[in-house]
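First comes the structure, then the notes that go with it.
The values are calculated or read from the model by the stated rules, or taken from the named source; none is laboratory data. Values in this document were obtained by computation on a predicted structure and should not be read as measured data. No Cβ is skipped: glycine too gets one built from the backbone with ideal geometry, and neighbour counts run over all protein chains shown. Just so you know, the surface numbers come from the protein's heavy atoms only, side chains and all, with ligands and any DNA or RNA stripped out. Shrake-Rupley method; radii C 1.70, N 1.55, O 1.52, S 1.80 Å.
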Amino acid sequence: MKRIAFFTAVFMLLLAGVLYVASAAERVPNFKLEGVDGKTYELKEVAKDAKAILIDFWEVNCKPCKKLMPHLQTYCEVYGPAGLKVLVISRDTTITISKVKPFVASEKWTFPVLYDPDHKVSQALNVKFAPVTFVLNNKGEIQYQHSGFKPGQEKELEDAIVKALGLSEKEVKELYAKHAAKSEGE
Amino acid sequence: MRLMAIILVSFTLLILALPMARAADDEEIGLEGPSDVVKENAPEEAVEESGEGAAEDAAELESEEADGWGEEGGWGKSFNYYGTLSYWHSLNRDTGTDKNEGELAMTFSYGEAQGRLRIGDWHPFATQRRDMRIEKYEVRMPLDGMELTVGTFAQLLGKGLVLSGIEERELDYDNEIEGIRLKLPRESYNVTAFVGQHKTVKDRGATKVWGGRVEVSPTEWFTTGGNVLSYQPTINAAPDAPAPRQHHQAMSWDVDFHWDKLSSHFEYMRLDWPQDDDGRGMYGNIVLSLPGFGLTYEYKNYYQINGMFAAPPPVFYDPEHAKADTLDEKGHGFTMVWSPFDNSSHFEASYAQSNIRNKGWPTTEAIFAYYSPTEKRTSWMSQYSYHRDVLLHERKWHTEVSRQWDDNWTTQVAVELRGVDKGSGTIDEQEVSLDIGYAGWLTLVLGQEKAGRGTLTEAQRWNIAELRLQEPGVQELLISYGKRREGFVCSGGICRIEPEFDGWKLAYVRYF
């Protein structure tokens with residue numbers, strides 16, 4: 001028992017040291033992943049053209065993920081012109097990875113879906129299941145993070161997007177009006 | 001025990017105090033919290049325009065002014081990190097297992113170097129324990145146009161016929177490699193080489209491993225690659241004697257084609273065993289992706305593929321049965337997604353069939369599902385699954401209805417009815433769960449699973465309640481109490497039996 005306590009105490013001290021010494025925090029590491037569309041996406045390249053980035057970890061057989069996706073598509077369309085970029089990362093491994101591409105095509109999403117079959121990026125962000133959603137600013141700093149999804153939580157996500165983009169209520173209304181006009185035109 | 005309690009209390013206080021200390025430090029040097037960074041950097045006039053141009057201007061300004069990714073050398077001038085601190089407590093009344101577990105998991109970057117570290121003693125199953133240890137450490141950095149990785153890393157070769165070196169934590173499956181890896185990425189070709197050792201999660205003995213992949217993409221629509229894996233597991237030896245090793249070598253070749261809406265993958269592998277009967281495996285798929293419609297056809301033929309490193313595509317689609325027999329199995333399957341309406345609703349269907357080589361042990365699986373769009377704050381899905389093999393005949397109906405009552409309250413009801421026949425007649429089983437959520441930070445799940453009706457034995461029930469409190473991106477607390485049935489859990493072609501649980505669990509995660 002004493003040994004466990006000793007190691008735990010050392011662990012705590014090390015942790016405290018790490019947390020105090022570090023000068024900046026909560027910035028996700030850069031990554032490069034292949035998309036379903038065959039292109040390669042690098043986070044810092046995506047960030048160059050963005051004011052905020054939404055990253056969602058997703059699996060093709062995940063039911064809550066499927067409920068979240070229509071909202072992501074809406075946010076991509078509405079807030080895209082204001083500088084939001086959406087990246088969806090598939091955590092599917094060999095069992096389901098062949099379902100990802102046809103599923104993405106069938107849903108007509110306009111944001112890129114990236115493959116992470118060995119969970120390299122998942123592990124880097126300590127993601128153990130799906131969905132897990134992050135909103136980053138364009139320096140990669142985490143502004144918001146949420147695990148799981150239930151209907152209604154999309155509002156909280158939208159608030160985080162609006163905050164990360166620095167938009168006022170009036171600007172949000174204008175973006176929705178533009179989106180509605182564009183949808184009617186189509 | 002008292003000492004442990006003091007340490008745990010100190011730990012909690014420390015974690016709670018750190019963000020406050022950081023905020024105070026930031027104030028002293030004139031910084032604002034991370035959530036204000038974007039606001040600060042986004043000029044108001046640019047935001048007011050709210051158009052594409054405004055976004056571009058703002059982004060441009062930001063890259064000019066800030067220490068952002070856009071600047072040359074700007075990214076990672078300082079040490080950056082992100083991670084979680086977790087604590088678990090569980091008490092299983094069946095086995096009397098009472099355990100406290102902890103974990104620190106963090107990702108960091110310094111300049112162009114990136115890494116991760118995980119220290120802990122968490123075991124996903126409440127009946128089993130693990131010693132505190134450094135579970136993962138990894139540093140990745142560029143080196144003269146190459147990428148060097150040192151530590152524990154995930155490595156997948158092809159579709160996993162030769163090597164599927166990944167980790168599935170919830171299943172207690174860890175196939176990552178500990179060693180050194182060098183990658184040479186080029187526009188038309190990629191080379192990867194690695195050397196190290198593989199330890200099973202129980203540390204039963206290290207297997208020496210080396211391997212690599214050469215991939216060539218002469219055109220945009222065609223890629224081909226060759227994989228090699230050599231490994232030397234230890235075999236039983238007398239105590240204090242050097243453990244002798246077996247030598248195995250696996251090689252595979254794969255090709256990928258992409259033609260507009262069609263793509264295809266084919267892979268063939270050979271594995272030399274000390275016995276004469278060498279292993280061989282073949283996997284292929286064709287994927288059609290049209291707007292609103294997707295179809296995948298898969299074929300598999302596996303024989304004596306090593307189970308230690310390989311986790312090939314199972315070509316079964318029900319997560320509870322999705323496992324291929326790597327010793328002897330051939331079969332095929334298809335899966336379809338169809339979204340005929342102009343909303344998020346869609347149909348899914350899949351069919352799979354397999355046999356062993358002499359046409360015995362047939363297994364058939366079929367799944368049909370419909371996912372509705374969200375209308376009047378309500379959505380639902382329904383799925384029928386059929387599975388039949390020599391030992392099991394199972395039919396399942398699964399339905400879920402979700403309803404959002406107002407901006408805060410949500411509910412979800414899920415019902416599953418199963419008819420399970422293991423050779424002695426059909427047994428009816430039912431599973432019901434009610435999920436209540438409030439404002440994104442509170443979730444209460446009440447579940448009941450019932451089995452046994454239709455047999456001579458008394459019906460059994462497993463009741464469980466789970467409460468989850470979440471402060472997004474800051475901390476999470478999960479408390480569950482009740483019984484959970486023993487079950488077969490599968491993910492990524494890997495399956496584990498999760499033991500029955502009767503007791504309570506507490507989990508706390510703090511993000512930093």
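Need at least 1 residues that are more than 30 Å from B:Gly331 (Cβ to Cβ) and within 12 Å of another protein chain (Cβ to nearest Cβ) per element, so show me which strands (runs of 3 or more DSSP E) inside region B:360-445 make the cut, counting only ones lying wholly within it. Spell out how you get there, then give the answer.
Details: elements: B:363-371, B:378-388, B:393-404, B:409-421, B:426-438.
Because the criterion is at least 1 residues that are more than 30 Å from B:Gly331 (Cβ to Cβ) and within 12 Å of another protein chain (Cβ to nearest Cβ), the strands (runs of 3 or more DSSP E) in region B:360-445 that meet it are B:378-388, B:393-404, B:409-421, B:426-438.
Inspect region A:43-50 for any residue being assigned to a loop (DSSP other than H, G, I, E, B), without any contact (Cβ under 8 Å) to a residue 60 or more places away in the chain, surrounded by fewer than 20 Cβ atoms within 10 Å (Cβ to Cβ) and not charged (D, E, K, R) and give the result as yes or no. Before the answer, list the steps.
Narrowing region A:43-50 to residues assigned to a loop (DSSP other than H, G, I, E, B): A:49-50.
From what's left, without any contact (Cβ under 8 Å) to a residue 60 or more places away in the chain: A:49.
Then keep just the ones that are surrounded by fewer than 20 Cβ atoms within 10 Å (Cβ to Cβ); that gives A:49.
If we keep only those that are not charged (D, E, K, R) too, we end up with none.
Within region A:43-50 (the criterion being assigned to a loop (DSSP other than H, G, I, E, B), without any contact (Cβ under 8 Å) to a residue 60 or more places away in the chain, surrounded by fewer than 20 Cβ atoms within 10 Å (Cβ to Cβ) and not charged (D, E, K, R)), the answer is no, since none of the residues qualifies.
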If you go through region B:413-428, how many residues are touching a strand residue (DSSP E or B) at 6+ places or on another chain (Cβ under 7 Å), open to solvent by 30 Å² or more (accessible area, probe 1.4 Å) and in contact (Cβ under 8 Å) with a residue 24 or more places away in the chain?
4
Run A:Asp159 past the list (1) open to solvent by 20 Å² or more (accessible area, probe 1.4 Å); (2) within 8 Å of another protein chain (Cβ to nearest Cβ); (3) without any contact (Cβ under 8 Å) to a residue 60 or more places away in the chain; (4) under 30 Å from B:Leu434 (Cβ atoms) and report the number of the one that doesn't hold.
(2)
If I go through region A:162-186 residue by residue, how many of them are of a type in the set (Gly, Ala, Ser) and more than 9 Å from chain B (Cβ to nearest Cβ)?
5
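Looking at region B:468-483, which of its residues are more than 20 Å from B:Glu500 (Cα to Cα), part of a strand (DSSP E or B) and either modelled with pLDDT of 95 or more or not basic (Lys, Arg) (or both)?
Quick first cut of region B:468-483, residues more than 20 Å from B:Glu500 (Cα to Cα) only: B:468-477.
Then drop every residue that is not part of a strand (DSSP E or B), which leaves B:468-471, B:475-477.
Hits for region B:468-483 are B:Leu469, B:Gln470, B:Glu471, B:Gln475, B:Glu476, B:Leu477.
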Reported set for region B:255-313 where residues are of a type in the set (Asp, Glu) and farther than 9 Å from B:Leu161 by Cα is B:Asp256, B:Asp260, B:Asp272, B:Asp276, B:Asp277, B:Asp278, B:Glu298
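I'd like the residue in region B:170-191 that is of a type in the set (S, T, N, Q) and open to solvent by 20 Å² or more (accessible area, probe 1.4 Å) and, out of all such residues, is farthest from B:Leu157 (Cα to Cα).
Looking only at region B:170-191, we keep the residues that are of a type in the set (S, T, N, Q), and these are B:175, B:188, B:190.
Narrowing the set further to residues that are open to solvent by 20 Å² or more (accessible area, probe 1.4 Å) leaves B:188, B:190.
Details: B:Ser188: 18, B:Asn190: 13 Å.
The selected residue is B:Ser188.
Are any residues in region A:142-151 open to solvent by less than 30 Å² (accessible area, probe 1.4 Å) and at the interface with chain B (Cβ under 8 Å from one of its Cβ atoms), and if so, which ones?
Listed by number, the residues that qualify are A:Ile142, A:Tyr144, A:Gln145, A:His146, A:Ser147, A:Gly148, A:Pro151.
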Considering only region B:182-194, I want to know if a residue exists there that is modelled with pLDDT of 90 or more, small (Gly, Ala, Ser), in contact with a strand residue (DSSP E or B) (Cβ under 9 Å, 6 or more places away or on another chain) and more than 19 Å from B:Thr326 (Cα to Cα).
yes
Please verify whether B:Ser354 is within 12 Å of chain A (Cβ to nearest Cβ), open to solvent by less than 20 Å² (accessible area, probe 1.4 Å) and part of a strand (DSSP E or B), treating the condition exactly as stated.
no
Out of region B:130-169, which residues are open to solvent by 60 Å² or more (accessible area, probe 1.4 Å), within 12 Å of chain A (Cβ to nearest Cβ) and not in a strand (DSSP E or B)?
B:Asp131, B:Met132
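Restricting attention to region A:76-102, which residues are of a type outside the set (A, V, I, L, M, F, W, C), farther than 30 Å from B:Leu163 by Cβ and open to solvent by 10 Å² or more (accessible area, probe 1.4 Å)? Spell out how you get there, then give the answer.
Initial filter on region A:76-102 (of a type outside the set (A, V, I, L, M, F, W, C)): A:77, A:79-81, A:83, A:85, A:90-94, A:96, A:98-99, A:101-102.
Retained after the next criterion (residues that are farther than 30 Å from B:Leu163 by Cβ): A:77, A:79-81, A:83, A:85.
Those that are of a type outside the set (A, V, I, L, M, F, W, C), farther than 30 Å from B:Leu163 by Cβ and open to solvent by 10 Å² or more (accessible area, probe 1.4 Å): A:Glu77, A:Gly80, A:Pro81, A:Lys85.
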In region B:309-330, is there at least one residue being more than 12 Å from chain A (Cβ to nearest Cβ) and out of contact with any Phe, Trp or Tyr (no Cβ under 8 Å at 6 or more places or on another chain)?
no
Can you tell me which residue in region A:103-123 is least open to solvent (accessible area, probe 1.4 Å), limited to those that are within 7 Å of another protein chain (Cβ to nearest Cβ) and either touching an Asp or Glu at 6+ places or on another chain (Cβ under 8 Å) or at positive phi (or both)?
A:His119
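Quick grid of which residues meet (1) of a type outside the set (Phe, Trp, Tyr); (2) farther than 26 Å from A:Lys155 by Cβ:
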{"residue": "B:Tyr370", "(1), (2)": "no, yes"}
{"residue": "B:Met381", "(1), (2)": "yes, no"}
{"residue": "B:Asp406", "(1), (2)": "yes, no"}
{"residue": "B:Asp428", "(1), (2)": "yes, yes"}
Filter region B:112-123 for residues that are buried (at least 17 other Cβ atoms within 10 Å of the Cβ) and facing chain A (nearest Cβ under 10 Å) and give the result.
B:Gln114, B:Gly115, B:Arg116, B:Leu117, B:Arg118, B:Ile119, B:Gly120, B:Asp121
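Can A:Glu154 be described as open to solvent by 20 Å² or more (accessible area, probe 1.4 Å), more than 7 Å from every other protein chain (Cβ to nearest Cβ), of a type in the set (D, E, K, R) and touching a helix residue (DSSP H, G or I) at 6+ places or on another chain (Cβ under 7 Å)? Before you say what the answer is, go through the steps one by one.
Working: open to solvent by 20 Å² or more (accessible area, probe 1.4 Å): yes; more than 7 Å from every other protein chain (Cβ to nearest Cβ): yes; of a type in the set (D, E, K, R): yes; touching a helix residue (DSSP H, G or I) at 6+ places or on another chain (Cβ under 7 Å): yes.
Yes: the conditions hold for A:Glu154.
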Considering only region A:51-75, how many residues are at pLDDT below 90, surrounded by 23 or more Cβ atoms within 10 Å (Cβ to Cβ) and basic (Lys, Arg)?
1
Determine if region A:124-137 includes at least one residue that is crowded, with 23+ Cβ neighbours inside 10 Å and touching a Cys at 6+ places or on another chain (Cβ under 7 Å).
yes
